[in-house]
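FYI, it's all coordinate maths here, none of it is from the lab. Here the structure is a predicted model, which is why all the values come from computation and not from measurement.
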Amino acid sequence: MVIVTRPAITDIVVKQCAELGITRVWIHKGIDQKAGSVSTEAVDFCHKHNISTIPGGCPMMYCRHADFGHRLFRWIFSLSKKLPTKI
């Protein structure tokens, strides 16, 4: 599941994921470090409920036919070793 919403709503969504048996989530975060869906509470909840989580970045960076901007950010994040990974 990919979560793209306000952090307060992300907390609710990850609880719903646990109820539904969803075991993998990607919590979107844009380039602006203050914008995005990631919340500490949601990530902690996922850890406690065995939900694999990628808290950051955009899944579009991994699409084969992604636009130039997404491909560029994947390249930049890989160079700076900040490419989002599962935790």
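Before moving on, here are some points about what is shown:
- Between 0 and 90 degrees, the angle of helix 68-79 with respect to the longest Cα principal axis of the chain falls at about 80 degrees.
- Quarter of the Cα convex hull surface for the chain, i.e. its orientation-mean projected area (nm²): 5.6 nm²
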